[in-house]
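The values are calculated or read from the model by the stated rules, or taken from the named source; none is laboratory data. Only a predicted model underlies this, so the values are computations on that prediction, with no experimental measurement involved. Positions of Cβ are backbone-derived with ideal geometry, glycine not excepted, and every protein chain shown enters the neighbour counts. Remember, those area values only see protein heavy atoms, side chains included, never the ligands or the DNA or RNA. Shrake-Rupley method; radii C 1.70, N 1.55, O 1.52, S 1.80 Å.
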Amino acid sequence: MHLLMAITVGMMYATGLYMMLRRSIVKLLIGLVLLSHGSNLLIFTAAGLSEGNPPLIRPGEDGMVGPHTDPLPGALILTAIVISFAILAFACVLVKRGYEEVGTDDQNAMNTTDQ
Amino acid sequence: MVLTSVFSLFLLALVAPLVTRVAGRYAGWVLATVPAGWAVWYAGFIARVGEGEVITPASLVWVDSLGVALSTRVDGLSLMFALLVTGVGALVVAYAGGYLAGHHHLGRFYGYLIAFMASMLGLVVSDNLIAIFIFWELTSVTSFLLIGFGHDRAAARTAALQAMIVTGLGGLALLAGLLLMGVAAGTYEFSEMLEGGITLGDHPLYIGILVLVCLGAFTKSAQFPFHFWLPGAMEAPAPVSAYLHSSTMVKAGVFLLAKFSPVLGGTEEWAWTLQIVGGVTMVYAAFLAARAVYFKRILAFTTVSSLGAMVMLLGVGGPGEAAAMGFLLAHAMYKGTLFMVAGSVEHQTHTKNVEQLSGLMRIMPVTFAAAALGAASMAGVAPFFGFTAKYLMKGPIPEAAAGSFLVIGVMAMGIFMTTAALLVAYKPFVGKPNEAASAGSEAGPALLLGPVVLSVAGLIGGLMPGLFVQPLVASATAAVTGDAPEKALSSSIGMINMGTLLSTSTLAIVLGVVFYAVRDMLRRTTGLMDRLDPMLSGPVVFQRVLSGTLWFGRLQTRLLQNGSLNTYIRTTIIGFIALVLGLGANRLKNAFLWQDAERPSLLGMILVVLLIVSGVAATVFRYRLAAVAALGMAGVASALIFVFYGAPDVAMTQFAIETLTVLIFVLVFYHLPQFTSFTGRMQKFSDWVVSLAFGAVMAGMVMLAVQTDMAPKISGYFSENAVPLAYGRNIINVILVDFRAADTFGEIVVLGIAGVGVAALLSVSGRSQNPTKPDGGVA
């Protein structure tokens, strides 16, 4: 299963990078989202996969009993999801403003500060 | 007190502009009192150091953990240089007051000059190798400022840059050499190397140290083929030439070689390197000097030649060190004199070419007297100190490995030096005053003091060596060889045959006079040299290297920094892939062969396939909304994977965020154009190749990470302490809001900033002057 997940992560990075290499800046936004999916799954997979058993402690017990998912990657990914959302929201508005100012979504036409 | 002398001069450099404003035309005299005072203070050590004593005051700790300290050590060599730096320095400061009188940047000039003085003094009294390097670099920097003092002239700027780059590169080599030396010797304190009797001749690092230290010394002391920066540096005002580029700074390389010779010297490599480089420089530069016509240029080449002689003598070793030290002191005095004379003549007559002047003797009699004394010393006429120096030189050379060549070399230098001496001290002064000379008048006291004092000192040094010359040269030699001072000199004097000396000296002088008489023919017949010398070393090669570097920089910028974001990303990623594959292609390949205990489950496989398909779909769909829908699908699939593998919290967040993301996309895309394809098929194909390669590398990295056992897992701590310490049962939750609460707070701040940014951009959009599309109000 790890191999499958690794290939999935690789595909997310590949598609994300491909979209970032497009000249249309709108596609760059889509690439950004794909890339963050890839990164989240990378952290998740790298820590080791195990089905079931979320890291929740049953009432009445003081700690986890039996095998369970590592809580740390979960905490890291939660943070990563929120931050990448913040970046995406800002990037979306920036692209929209840039398009309004320059009138094109070709990155190569956006490389000067003067209009 | 020794450190105080250095720092008081740095302080003086800072206040020099202020003093100049207050004291006006007497500023030179006022400022000169400080270095003059220190010169007297250092002169007080002559007797003690002459008896072999070494003054080592307490050091100032700087960076203790790295062995860097501001430690000082005054032995004979340091004392001789300290006296030159402060003594000649005081005369030059006074001289500059006359030479640059009324210059609107005079205050700044004093500042630079005295800052140089402080750096040079720091260099010669330092004991710590790192401190030596720092002061060494400071002399290069201040020299740059002084050469470029007339910064409104392009020639001055070019010469300053040239000197800076040459000595700066040498300085870098020297730093490496000093560090290696410190590593090899186990200490950065030079006195500890001497006391421990450490010689590095057999050390495996020796060749490296020797090459690097020599590079530093040769560039600074203008040895062939780095000699070209020194004649260029004559763009500086005459006081700078007299001080930095003849008496002090250019001798720093010789100083360093002399200082290090007990530790680095005494080997075949040392002897051959120094003898060959020094010998070639000596003859070559002396020949160029005899051909030159500009006052300062003649003097610059004779300086290069003398420096070559000193390097060569250090390479000869044995009694050669005594000759080098004697010659060094004599040279500082007569060359300082002649440069100041050249400056005075130039200042009074506004003529730089010696051939265009004659009869100045009647107009500037005192200046002429000083020039004659200095030139006689330079030509090695008895009984001047220059003769004594030559006398010391003739002893050891025939004993050297390349003895017979060096004898001829010294002879040639003596001939050309005589010609050069006649050019600067005879040609402009004798005969009937011509038009250019008549325009001038005798220089004022500030311009006369320096040349007169130095030239008379040269005469006294020859007539009464016991007064200050003998103890200084003897103790300096003792510092280099490690013998007792009185022994150091006598051994070299004993080797000289007075008869041969007198006959060769006379022959050199006679031949020098002959060359002087036929100098026009000499210049014409060797006219090829005018084109050959720049090609051999100097400006041409230097300019080629410089413009080549700039060309390479422009090429690199054009290739890598072409302004296209796509190119940047592509270059970075290709570089990353190459690096990873280059370093660990094998490890990555093996990572894929790992036996996985976790069997692929059916549901897991379905989710993974769903994720990949929606990811690929997002890249190939041509319609924006379809792509966004595919993106949403990918988000849901990855959230389901989180559910399936026991991270429901993450999945819930992912669901919420995914919904918001799709919403934002739909709203923003409403204002954006349809997808357009800007690139051709080939580009797309090659981009897919790069992207898939990147994906494969990342997949390999994941496999590597999975197999890396990251024990001891810190997660155990969170699981055990969630209930007892934080009273929470959802461990992910507890980590976020309790154990790592500060991180979460930072995350909230990031979100807040992004929100502010979004709001700001949207509000600007409302006020935009000519929006392409009406604002639909995304928020």
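One Cα centroid belongs to the range B:174-253, the other to the range B:421-455; the line between them spans 36 Å. Going through the cross-link list B:Lys220/B:Lys352; B:Lys220/B:Lys335; B:Lys335/B:Lys427; B:Lys296/B:Lys427, which pairs have a Cα-Cα distance over 20 Å in this structure? Distance filter (> 20 Å) returns B:Lys220/B:Lys352. Neighbours of B:Leu274 by Cβ distance under 12 Å: Lys/Arg scored +1, Asp/Glu scored -1, total -3.
Over the protein assembly as shown, the Kirkwood radius and the radius of gyration, each from Cα atoms, give a ratio Rg/Rh of 1.17. Here's the picture: a label point sits 7 Å out from the Cα of B:Val40 along the beta-carbon direction, and within the range B:431-460 nothing has its amide nitrogen under 12 Å of it. The aspartates and glutamates within cross-link reach of B:Lys251, meaning a Cα-to-Cα straight distance under 20 Å and a gap of 8 or more places when in the same chain, are B:Asp75, B:Asp127, B:Glu137, B:Glu235, B:Glu321. Using a 1.4 angstrom probe on protein heavy atoms only, the contact between A and B buries about 8500 square angstrom of accessible area, both sides summed.
When the alpha carbon coordinates of chain B are projected onto the principal axes, the ranges are 109, 64, 54 Å, largest first. Other residues whose C-beta falls under 10 angstrom from the C-beta of B:Asp687 contribute a net charge of +3, scoring Lys and Arg +1 and Asp and Glu -1. Approximating the spin labels as points 7 Å out from Cα along Cα→Cβ, the B:Glu51-to-A:Val102 distance works out to 8.2 nm. For the range B:206-347, taking Cα atoms only, Rg and Dmax work out to 14.6, 49 Å respectively.
From a point 7 Å beyond the Cα of B:Arg153 in the direction of its Cβ, which residues of the range B:111-131 have a backbone N at a distance under 19 Å? Counting only backbone N, you get B:112-113. Got a number for carbon plus sulfur as a percent of chain A's accessible area, 1.4 Å probe? C and S fraction of accessible area: 62 percent. Counting only alpha carbon atoms, the long axis of helix A:2-20 and the longest principal axis of chain A meet at about 20°.
Legend: Rg and Dmax of the range A:1-90, from Cα coordinates, 16.5, 58 Å.
Ordered by 1.4 Å accessible area with all protein chains kept, B:Asp202, B:Asp483, A:Asp70 run largest first as B:Asp202, B:Asp483, A:Asp70. For the range A:39-90 versus the range A:1-36, the spacing of their alpha-carbon centroids is 22 Å. Once the Cβ-Cβ distance of B:Glu720 and B:Met652 is raised to the sixth power relative to R0 = 30 Å, the FRET efficiency obtained is 0.75. For B:Ala69, neighbours were defined as the other residues whose beta-carbon sits under 14 Å from its Cβ, and their charges (Lys and Arg +1, Asp and Glu -1) total -3. Quotient of the Cα radius of gyration of the range B:4-72 and 2.2 N^0.38 Å, N being its number of residues: 1.50. Over the residues of chain B, the helix contribution to mean residue ellipticity at 222 nm works out to -24500 deg cm²/dmol, using -39500 (n - 2.57) for each DSSP H run of at least 4. How far is helix B:602-620 tilted off the main Cα axis of chain B, in degrees rounded to 10, range 0 to 90? On a 0 to 90 degree scale, this one is about 60. Model label sites at B:Leu603 and B:Asn586, defined 7 Å from Cα along the beta-carbon direction, differ in position by 4.2 nm.
Once the Cβ-Cβ distance of B:Ala578 and B:Val430 is raised to the sixth power relative to R0 = 60 Å, the FRET efficiency obtained is 0.25. At an R0 of 51 angstrom, the distance between the Cβ atoms of B:Lys684 and B:Thr199 translates into a FRET efficiency of 0.15.
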